[in-house]
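Read the structure below first, then the notes.
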Amino acid sequence: MSGRRRHSSDMMSTPDRFSYPPSPSPSSYSTYSSEKSTSGRSRVKGAARSVAGVFVACFSPPDEDSNHHSSSAYGGSDAFSSTSDVSGASDSTEGKKRGTARGIYATQNDSTRMREPGSIKFTLAEITAATKNFSPALKVGQGGFGTVYKGQLKDGTLVAVKRAKKSVYDKNLGGEFLSEVQALSKVEHLNLVKCYGYLHHGDERIIVVEYVANGTLREHLECFNGNVLSLASRLDIAIDVAHAITYLHTYTDHPIIHRDIKSSNILLTDKLRAKVADFGFARLAADPESGQTHVSTQVKGTAGYLDPEYLKTYQLTEKSDVYSFGILLVEIFTGRRPVETKRELEERVTARWAMKKFKEGDAISVLDPKLEASDANGMVLEKILELSLHCVNGHRKNRPTMRRCVEVLWNIRKDYKELLD
């Protein structure tokens, strides 16, 4: 049975190469186009040294006690954080030709009002009208950053309105807030929640983003609606998330590190397409051509998903997102949270437990019990755990790029479909 293969890899010494051949061009998956703004690069570079300022402060927990909240329509940050400093950039070299081959990593907004995503400066009257004066009945999320409301614009567009608590930002940092909104507004991809615009009025700091109504990935893994995510759907979701992170790392005008990849920040559409949300912890790296290798910053993120090398060195790179993605992969296919405190001691850290079973040749035993332990599912699980093993390597230089993760996942899906045919 495919789930019983013996494997001798070590979590701390895995290679950055895979046996899978390169995948077919993703352009067959879905193709989108976007006209790049000629001023986008200068605007982004202007914000590079302040990307952890008010935008992060607006939507980050103000203290360590604000660790938990939920949203069925947007997602949030049940994370811990502290102040950041910028000194450097990402260690990826793939960004040197960014923007020249965007392919599926660009998308086009279809709303007539949203022709320039993120550029709309909303009025307070528009926001209050959209949310019915911040009606409690429209509240869909609550956390340390503030409150998320469901809203509807005059043109019918459904939005999520993120209203920051007045206690979590510095009123003197309005300029940084504006520049960072402008920088992040240039992020546009099918698998990323769109940023429509913002409000900076008096002591109000509000971000208006796309509304995604079908709940978070974490909720679906827990069958909150009574339906079990099939293995095929989980594989599609993993690919969607990988595409989104690849776009951030490689195809934007400037590399972006999300820094909080986790299941509660992955939103699902009615068709179970994944959208990565919550850029509250996102960081712009310096231009890779500068020769710098990382961003030096105090740690931000969510326990269980955090890159241990980042925790140790305070050096943030794209490979920190890769680590989080590896943890997310294990979560998607086991159904378990990264840390399960009520489990037996050897099963509490889900990735460690799953990798141990994988190396012992018993991968199938970690498959979400809600799924069938078939040969085809066992094959997928083994290959997913092999990829995860590389992603969670203790040394970032040994982790694959997100682009490589996409290629591997495409081939896993191809092999799975062939087995089912």
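Observations on the model:
- Scan of region 132-145 for residues that are surrounded by fewer than 23 Cβ atoms within 10 Å (Cβ to Cβ), under 17 Å from VAL209 (Cβ atoms) and not hydrophobic (A, V, I, L, M, F, W, C), ordered by number: LYS139, GLY141, GLN142
- Among the residues of region 150-159, those identified as in a strand (DSSP E or B) and over 9 Å from THR131 (Cα atoms) are LEU158, VAL159.
- The residue that is nearest to ILE412 (Cα to Cα), among those in region 240-281 that are among the aromatic types (Phe, Trp, Tyr) and part of a loop (DSSP other than H, G, I, E, B), is PHE279.
- For GLU344, the conditions (1) in contact (Cβ under 8 Å) with a residue 12 or more places away in the chain; (2) more than 17 Å from LEU235 (Cβ to Cβ) are fulfilled apart from (1).
- Flag if ASP421 is more than 15 Å from ARG234 (Cβ to Cβ) and free of Cβ contacts under 8 Å to residues at least 40 places away in the same chain: yes
- Residue in region 338-356 that is within 22 Å of ALA277 (Cα to Cα) and either surrounded by fewer than 24 Cβ atoms within 10 Å (Cβ to Cβ) or modelled with pLDDT of 95 or more (or both) present: yes
- Applying the set (1) out of contact with any Gly (no Cβ under 7 Å at 6 or more places or on another chain); (2) closer than 17 Å to ASN398 by Cα; (3) not hydroxyl-bearing (Ser, Thr, Tyr) to ILE327 leaves exactly one unmet item: (1).
- Only one of the numbered conditions (1) on the phi < 0 side of the Ramachandran plot; (2) at pLDDT 95 or above is violated by ASN133, and that is (1).
- Residue in region 277-294 that is under 28 Å from TYR196 (Cα atoms) and either among the hydroxyl-bearing types (Ser, Thr, Tyr) or modelled with pLDDT of 85 or more (or both) present: yes
- Of all residues in region 299-326 being hydrophobic (A, V, I, L, M, F, W, C), over 12 Å from the mean Cα position of the chain (by Cα) and crowded, with 21+ Cβ neighbours inside 10 Å, the one that is modelled with the highest pLDDT: LEU306
The values are calculated or read from the model by the stated rules, or taken from the named source; none is laboratory data. Everything quoted here is computed from the prediction, not taken from an experiment. Ideal geometry is used to build each Cβ from the backbone, glycine not excepted, and the neighbour counts take in all protein chains shown.
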